[in-house]
Amino acid sequence: MRKHPIADLVGELKQLGADAGCVEELGSPPVTIDVSGLTGGEAKISGEMSSHFLSSLLMTTPLIDGDVKITIKDELISAPYLRQRSVVTFLVVVAVAVYAQWEHGVLLKLLQDFLNQYHPLYYDGTSMVFEGGGVPSPPSSSSDRSLQEQTFYAVYPHGAFCIGWALLYHSLVLRGVRFCFAPTLHTSLVFRLYARMVNRPGSAARLAMNACPRAGDGVALPLGGFKEHCIAIWPVYVFGEGRLFANVQGMWKARLVLNRLGVPTILVWWRWFFSLLPRKAELLVVVRRPLVLPKVDAPTKKEVACWHRRYMDELKKSYEEYKEVTYGPEEGKDAKLEVW
């Protein structure tokens, strides 16, 4: 180490406000540094030196109080290595932001307001109905969530990309509800960061969903994992979801097996110039009156089947009452809800 040239890096630290120097005049370690934080400024560095010097500066700059400008004086010979380290640094920053504890501020609420206002404009029309006027009031803090009634929004149908689900996720009236996504999607760093910026995402894994009622969270997703708690289930049906995309049919048994393993098996298209862009259909989101399930310590199969039947009856009633509103009298009278 005493033969390793480090004078250029020491000079860069001096340019940024550090009192640093080599003990000996050889420009090698050991080094003395007397500093209580860097003040910032401009650091001029040669592009011909080791990429480690520039990488160390790039990792240090986020912690500096003032503005920092890094100037490369000549040809940068280590550009490929710096690009790799920039990608790694970006992923580390995203990972920290994804898993760090932070609350929604003004900018994030503005983002949710923007999506809630302008996303529906893409379609021919979108509307949301809460039967009985039972629109939930979003909690203002985590303590309010523990005091409010436990709710579970069971949303159907999923569709290819769950556009109705996205409308609910952006909705201001459901701000604060824990929307649970597939575990593989929830662990994606970029998706999870975006989802946290807009609302409160969660994992659909069994352990994670079991923890939601104990934390006082309202939850949105299909049924499952709530047998230990008394909870109000709101059946939600999105009319028009099936008209947004066309999906290749057939091979259902194999596709369902892959789906249970977490492998997507959809092949969708609509727009000829970009197949993932949905059609401009009309969407109607109906949130039916809540069905309050009692707490049953050791439910029998008969009791589970009884409450499941009552739930499905409510969902079918919702479909029958609103199908003609969405599809029109002629098409609506012959439309049937398929239950697999």
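Determine whether Leu9 is open to solvent by less than 80 Å² (accessible area, probe 1.4 Å), assigned to a loop (DSSP other than H, G, I, E, B) and not aromatic (Phe, Trp, Tyr). It is false that Leu9 is open to solvent by less than 80 Å² (accessible area, probe 1.4 Å), assigned to a loop (DSSP other than H, G, I, E, B) and not aromatic (Phe, Trp, Tyr).
The residue pairs whose first member lies in region 173-194 and is at pLDDT below 80 and surrounded by 16 or more Cβ atoms within 10 Å (Cβ to Cβ), whose second member is in a helix (DSSP H, G or I) and of a type in the set (Lys, Arg), and whose beta carbons are closer than 7 Å, counting only pairs six or more residues apart or on different chains, are Gly176/Arg145. When Leu267 is tested against the conditions (1) among the aliphatic types (A, V, I, L, M); (2) open to solvent by less than 90 Å² (accessible area, probe 1.4 Å); (3) within 29 Å of His119 (Cβ to Cβ), the lone failure is (2). None of Arg288, Arg243, Arg255 is within 18 Å of Tyr123 (Cα to Cα) and surrounded by 13 or more Cβ atoms within 10 Å (Cβ to Cβ) except Arg243. Going through (1) out of contact with any Gly (no Cβ under 8 Å at 6 or more places or on another chain); (2) assigned to a loop (DSSP other than H, G, I, E, B); (3) surrounded by 14 or more Cβ atoms within 10 Å (Cβ to Cβ) one by one, Ala298 falls short only on (3).
Scanning region 309-322 for residues that are farther than 14 Å from Val238 by Cα and in contact (Cβ under 8 Å) with a residue 40 or more places away in the chain yields Tyr311, Glu314.
Restricting attention to region 151-172, report how many residues are out of contact with any Asp or Glu (no Cβ under 9 Å at 6 or more places or on another chain), within 19 Å of Glu103 (Cβ to Cβ) and open to solvent by 30 Å² or more (accessible area, probe 1.4 Å). Going through region 151-172 one residue at a time, the tally reaches 0.
With respect to the conditions (1) modelled with pLDDT under 90; (2) in a helix (DSSP H, G or I), Cys306 falls short on a single one, namely (1). Scanning region 137-168 for residues that are at pLDDT 65 or above and either touching a Cys at 6+ places or on another chain (Cβ under 9 Å) or among the hydrophobic types (A, V, I, L, M, F, W, C) (or both) gives Gln150, Phe152, Ala154, Val155, Phe161, Cys162, Ile163, Trp165, Ala166, Leu167, Leu168. Taking the listed residues Gly17, Gly27, the one that is at positive phi, without any contact (Cβ under 8 Å) to a residue 24 or more places away in the chain and not aromatic (Phe, Trp, Tyr) is Gly27, with no other qualifying. From the list Leu121, Leu91, the lone residue that is within 25 Å of Thr187 (Cβ to Cβ) and out of contact with any strand residue (DSSP E or B) (no Cβ under 9 Å at 6 or more places or on another chain) is Leu91. When Glu103, Glu75, Glu25 are checked against the criterion of being charged (D, E, K, R), part of a loop (DSSP other than H, G, I, E, B), open to solvent by 90 Å² or more (accessible area, probe 1.4 Å) and within 30 Å of Arg200 (Cβ to Cβ), a single residue qualifies: Glu103. Within region 207-263, the set of residues being among the β-branched types (Val, Ile, Thr) and at pLDDT 75 or above comprises Val219, Ile233, Val236, Val238, Val248, Val257, Val263. The single residue among Val94, Val88 that is closer than 27 Å to Met197 by Cβ, in contact with a helix residue (DSSP H, G or I) (Cβ under 6 Å, 6 or more places away or on another chain) and open to solvent by less than 100 Å² (accessible area, probe 1.4 Å) turns out to be Val94. Would it be correct to say that Val286 is outside any helix (DSSP H, G or I) and at pLDDT below 85? Considered against the rule, which asks whether it is outside any helix (DSSP H, G or I) and at pLDDT below 85, Val286 comes out as no. Cβ-Cβ distances below 7 Å connect the following pairs, each with a first residue in region 323-340 that is surrounded by 11 or more Cβ atoms within 10 Å (Cβ to Cβ), a second residue that is assigned to a loop (DSSP other than H, G, I, E, B) and hydrophobic (A, V, I, L, M, F, W, C), and a separation of six or more residues or different chains: Lys323/Ala335; Tyr327/Ala335. Only residues that are touching a residue at least 40 places away in the same chain (Cβ under 8 Å) and aromatic (Phe, Trp, Tyr) were counted across region 37-82, and they come to 1.
The values are calculated or read from the model by the stated rules, or taken from the named source; none is laboratory data. Small disclaimer: the values here were computed from a predicted structure and weren't measured. Reconstructed Cβ throughout: ideal geometry from the backbone, glycine too, with neighbour counts over all protein chains shown. Note: accessible area is taken over every heavy atom of the protein model, side chains too, but ligands, DNA and RNA are not part of it. Shrake-Rupley method; radii C 1.70, N 1.55, O 1.52, S 1.80 Å.
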